[in-house]
Every structure is written in C-alpha cells, then in structure tokens.
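Visitor: To start, I am sharing the structure in question, which I have written as structure tokens.
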Amino acid sequence: ANNNNNNNNNKMWTDYVPKRKGGRRLKSIEDLVFKEWCALSEYLKHSTTPALKLVSKEKIVETGTRENQTDHEDHLMKWEAKALHGKWAKLLKIVDEDSSKWQRTAHLKPPTEALIIAAQDKALHTNWLGHYILKTGETTDKCRRCKKFAETVKHIVSGCPMLAQGVYCERYNQDFCDQYQLPRGQRWWEHKPESVTENESVKILWDFTLQLDRLVEARKPDILLIQKASGSNPQKITIIDIACPGITLAEKEEEKISKYQPLRMELERTWGGKAKVVPIVIGTLGALPKTLKGYLQELDIIINIQTLQKAVILRTSSIL
Ligand SMILES: [Zn+2]
C-alpha cells in the first residue's frame, strides 16, 4: 500500500520514524547510500596517498557532509507536514503516549503491522483516495461494501454499517472474572460471558437490559459492576461502556458519560449506594485517550491496556 506511487512527494516518512514515535523504524536505503558517500568523500579528503589525493581533487566523490544527513527528527517533521498522511502524527501529540506501544508489545507479523500503519497514515488505496487524490480511474468514491458512504480509511475501520464493529466484552470478561474470583472457562477464548455472574462480594451483568420503573433510554450498558455493601462500606455500582471509534476519542468518552447519566441516577435512587459511569474508549487503530488510565484506575481492578489494544488492532486488521 505504501508503494502506490513512486513519486517522492508520496514517500511514507512513517517508515523511518522510530517505533516509540509511531513509525516503523525501517532503514532508509537512500540514507544508507548517502552515509556511505559522505564517509567515502571524507576519507578521500583526508587521505595522504598521492593517488587518492588525485581522486579527491577530481571531485568524483562529493555529495555533502554528515551534517546534511537526514535523521529521525527530519523524517518525523516531514511526516507531520503531510496534510493527509500526517494526520496520525498530529493525533499522536494529543493522545496517550502508549498509543503506539502495540508495535513493541503486540508482536504482530510485519505485514499486519505494515497494514495498520498504512491505515493510520491513510495510505490505503480506498475508493475515496483513488477517486479524488490518486486519480486512478475509480468511477465512484463510495464504499464497496455498503455502497452508501465515501470509502475512506475512517469509514472502513469505524463507520461502515456492513462491516462488523464488535464490542470487546469477551476480553474484559477474563480480567473481571480473575480479579473478583468469579468462575470462568478454563480457556478464556472459549468463555462466553453469561448475562449475570455473581459471588458474595460482586455481581456483574454483561450486556444486560435492565428493567426499571422509570423510562430510561440507555439501560443496556456493556458491563454493570455491582460491588456489594460490606460492613460500613455502601454498595458501589459502576456502569461500564466500551467503544472503539475512529479518531474522536474524547468526544466518545463524553458521549458515553452523558448517555448513561439517567441510568446512573435511576440506579442510585432505586438500588441505593453510589453509582458512576466509566467509559472505556480505544481507537480502532490503537489510539488511547489520555484519560483512559484514570478511568481504568476507578475500576479497582487491573485491566491490561496492552492486551486490549492488541485485541482492537487485530480486529481492525481482519476488517481491513
Ligand atoms: Zn461502507
């Protein structure tokens, strides 16, 4: 996907940026050749052998000095300067610094990693890109699956109604069941969440439609965690909802919080105790909102963000 166009303007600078900055840390062949030229020209310049001095004088090898070399910072700046392909680089500045961590922790195959990075850079040959930018003869910019919306990377990974946009409840199930010592299948990937799991200290409702006296529109959160009252500690209710949007992470968190306020108030009124809403939002291409770690801390249990990030990335790569 990165080789759609050999034109230097469309070069994918991401490839040469370090992984911790969201790039692929590949070696640039141009850079390597340039470095060799520089080394050779310096060697000739300082040579005392008469024959080599002559070569130096003829200026056969002269392309510049080491100071002119491009380094990672240059590649990063060139990447960020790209109007379309650089959007991800700009996003990385406002999201959690661990948003690119999957490249070091998920151990994906190189082609899968390349696919996700190309999607982050919007460098996939979608109908929209072909029709408007590359002009490769696509007669429409519309999506091949739904035929209704423009086929952009964002549409494919987070908007198309014809492509599975799953929720990742199963993966949370393992963390919750382990840490509250609830029964679960021996092998987590075989474990389908029950509607209700319970022991003496907690009760968890999975994807459960609540029956309430008053009309509350949003009453089916992904997870409802009830930590039962014990001694002087009152009952604690946590409404957890999970979302994997394209790039509007903060808006999605806000949306989830306001969506479940009526349910939170109704549960406090009828069930007693304290209730709160915890949104868990992970971008389909791995971006993590800065607020996520704080929200996860509110859950009193440890949820492995890297495992969730990998699950989301793998789902996205299968959609792509
Ligand atoms: Zn579509």
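Visitor: What is the local net charge at Lys142, summed over the other residues whose Cβ is closer than 14 Å to its Cβ (Lys, Arg +1; Asp, Glu -1)? Let's see the in-between values first.
Guide: Numbers: positive: Arg144, Arg145, Lys147, Lys148; negative: Glu138, Asp141, Glu151.
Surrounding charge for Lys142 is +1.
Visitor: Rounding to the nearest 10 and keeping the result within 0 to 90°, find how far the Cα-based axis of helix 72-81 lies from the longest principal axis of the chain.
Guide: The two axes meet at around 70 degrees.
Visitor: Report the Stokes-Einstein translational diffusion coefficient (µm² s⁻¹, integer) for the chain, Rh taken as the Kirkwood radius over Cα pairs, at 20 °C with viscosity 1.002 mPa s.
Guide: Translational diffusion coefficient: 93 µm²/s.
Visitor: A follow-up question, please. With viscosity set to 1.306 mPa s at 10 °C, what whole-number translational diffusion coefficient in µm²/s follows for the range 263-317 from Stokes-Einstein and a Kirkwood radius over Cα pairs?
Guide: Here the translational diffusion coefficient equals 122 µm²/s.
Visitor: Here is the link list: Lys27/Lys109; Lys19/Lys154; Lys59/Lys82. Which ones come out longer than 27 Å on Cα distance?
Guide: Working: Lys27/Lys109 18 Å; Lys19/Lys154 22 Å; Lys59/Lys82 36 Å.
Where the Cα-Cα span goes over 27 Å, the pairs concerned are Lys59/Lys82.
Visitor: Right, here's the next one. Most fluctuating residue of Asp241, Asp213, Asp98 in a GNM of the chain with Cα springs under 10 Å: which is it?
Guide: Result for the chain, Cα springs under 10 Å: Asp213 fluctuates most.
Visitor: I'd like to know how the range 169-315 sits against the 2.2 N^0.38 Å rule of thumb: what's its Cα Rg over that expected value? Don't skip to the answer; put the middle values down first.
Guide: Working: Rg = 15.2 Å, N = 147, 2.2 N^0.38 = 14.7 Å.
Working it through for the range 169-315, the quotient is 1.04.
Visitor: OK, next. Nearest 10 degrees is fine. How inclined is helix 249-259 to the longest principal axis of the chain, computing both from alpha carbons?
Guide: 10 degrees
Visitor: I've got another one for you. For the chain, take the longest principal axis of its alpha carbons; what is the angle in degrees between that and the long axis of helix 305-319, to the nearest 10 within 0 to 90?
Guide: Value to nearest ten degrees: 70.
No lab work stands behind these numbers, since they all come straight from the coordinates. In this text the structure is predicted, and so the values were computed from the model without any measurement. Here the Cβ is made from the backbone with ideal geometry for all residues, glycine too, and neighbour counts use every protein chain on show.
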